[in-house]
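Since the structure comes first, as structure tokens, the remarks are kept for the end.
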Amino acid sequence: MSVKKKNWPLWEIFVRSKNGLEHRHFGSLHAADAEMAMENARDVYTRRNEGVSIWVVESKNITASNPAENGEMFEPAQDKVYRHPTFYHLPDEVKHM
Amino acid sequence: MSEKEVKNTWAERSRSLEEIFEARIARDEKIEPKDWMPEKYRQTHIRQISQHAHSEVVGMLPEGNWITRAPSLRRKAALLAKIQDEAGHGLYLYSACETLGISRDELYEQLHSGKAKYSSIFNYPTITWADMGAIGWLVDGAAIINQVPLCNTSFGPYARAMVRVCKEESFHQRQGYEIMLTLCRGSEEQKAMAQDALNRWWWPSLMMLGPTDAESVHTEQSMKWKLKRKSNDELRQQFIDQTVPQADILGITMPDPDLKWNEKTGHYDFGEIDWEEFWQVVKGHGPCNKERMTARINAWNNGEWVRDAAMAHAEKNANKKVAKAS
């Protein structure tokens, strides 16, 4: 029996459904390299013409925030109501603003 | 393949890349960074998007002058939030520009050397607190009129950046107008301060929408590429028409004796703009051109050690990880 080869790494797949829209995360798959990931992404995620452009990124290259730390992470934006237009009081007769 | 389809394929092949590109734009299709594009389309976009990015960044300077002297904590927080947004908008735009194959360093270099321009209005000084009101109301008002049509422009990354910018900017103009309103409802001196700010910012705001259509060298091509959806003169008229009633509510008047409503056209007529002043400012002879550029160049040079230190720190950490793994 031969020595077990390394597992194929995981790749994250992003697809642009049409020009003008951003690439969106569609899912992931395993592949030996970027080229294979691209071919497999085409066959898995765009079989019905779902896209016009594909990005593949090896999952280990993505640094994700930790949901358990969402408190500290996003709390600073919570008390800044002055970043929203409704914070400013204007008379009703002011138009185009 | 039907006969018609075969014919269509042949027609496609015989057209040049450029014709296919122009047809895509005419059909309102979006262009994305890896699509083929004429070199002139790329260069024009680099010029306009970077000019826009530089304007966001230089635009922080006149307002930065008042952060420490804002009259209340409420005003200070709002002003800080606005300036912070402008830094963010500069970043979105630089990033969109970089998708066209130019580096951030090259873009900064173009700004610092004077090769790239930024909006001429940021070369005027902010001498009273009312200027913070007038900038939000007029300068951001004019910017919004310019930017809303750009949400629909043909280059995908620029259009997407503009959608985000416009959404975030909706508070900028309101906070400016609120400052003006507060001053105009205050003491005689405060109202006079608001009027003085309007006097100084009105004409530069009109100039901000760019030279007249007859003088604008880029308009025709930019319209064709949908990089521009309305001409400078159309945008200017729209700005005047919606801003004059807002001044009426404040109870202050535009510094233009020729400004009056025209029943026939359904628009305001207005006096002649001093284009000589505009070109002087564009060419670098405005009241604050040197000050603004010096501030940007100093920020870049004085920040070098911070950028280097961050890289050195990252490298050190990476080496540590490698050492641990081995």
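For this structure, a couple of remarks:
For every residue, the table says whether it meets (1) within 14 Å of chain A (Cβ to nearest Cβ); (2) closer than 25 Å to B:G64 by Cα; (3) not in a helix (DSSP H, G or I).
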{"position": "B:K228", "(1), (2), (3)": "no, no, yes"}
{"position": "B:Q237", "(1), (2), (3)": "yes, no, no"}
{"position": "B:D248", "(1), (2), (3)": "yes, no, no"}
{"position": "B:K264", "(1), (2), (3)": "no, no, yes"}
{"position": "B:E291", "(1), (2), (3)": "no, yes, no"}
{"position": "B:T294", "(1), (2), (3)": "no, yes, no"}
{"position": "B:V306", "(1), (2), (3)": "no, yes, no"}
{"position": "B:A309", "(1), (2), (3)": "no, no, no"}
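- Residues that are in contact with a helix residue (DSSP H, G or I) (Cβ under 8 Å, 6 or more places away or on another chain) and more than 8 Å from chain A (Cβ to nearest Cβ) were ranked within the range B:23-35; the one that is surrounded by the fewest Cβ atoms within 10 Å (Cβ to Cβ) is B:P33.
- Against the test of being modelled with pLDDT of 95 or more, charged (D, E, K, R) and over 16 Å from the mean Cα position of the chain (by Cα), the options A:E39, A:E58, A:E12 yield a single qualifying residue, A:E39.
- All helices (runs of 4 or more DSSP H) inside the range B:108-220 with 2 or more residues being more than 14 Å from chain A (Cβ to nearest Cβ), surrounded by 18 or more Cβ atoms within 10 Å (Cβ to Cβ) and among the aromatic types (F, W, Y): B:188-208
- When each of B:H267, B:H218 is tested for being touching an Asp or Glu at 6+ places or on another chain (Cβ under 6 Å) and touching a residue at least 24 places away in the same chain (Cβ under 8 Å), the lone residue that passes is B:H267.
- Matching residues in the range B:36-84 - criterion: being of a type outside the set (G, A, S) and within 13 Å of chain A (Cβ to nearest Cβ): B:W36, B:M37, B:L73, B:R74, B:R75, B:K76, B:L79, B:L80, B:K82, B:I83, B:Q84
- Residue list for the range A:15-50, filter: touching a helix residue (DSSP H, G or I) at 6+ places or on another chain (Cβ under 9 Å) and at negative phi: A:V15, A:R16, A:N19, A:L21, A:E22, A:F26, A:S28, A:L29, A:H30, A:A31
- With respect to (1) in a helix (DSSP H, G or I); (2) over 14 Å from B:Q175 (Cβ atoms); (3) touching a residue at least 60 places away in the same chain (Cβ under 8 Å), the lone exception for B:E56 is condition (3).
To keep it simple, each residue is scored yes or no on (1) touching a Leu at 6+ places or on another chain (Cβ under 8 Å); (2) of a type in the set (F, W, Y); (3) free of Cβ contacts under 8 Å to residues at least 24 places away in the same chain.
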residue: B:N232; (1), (2), (3): yes, no, yes
residue: B:D258; (1), (2), (3): no, no, yes
residue: B:P287; (1), (2), (3): no, no, no
residue: B:N317; (1), (2), (3): no, no, yes
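The values are calculated or read from the model by the stated rules, or taken from the named source; none is laboratory data. From a predicted model like this one, the values you see are computed outputs, not experimental measurements. Don't worry about glycine lacking a Cβ; one is built from the backbone with ideal geometry, like all the others, and counts go over all protein chains shown.
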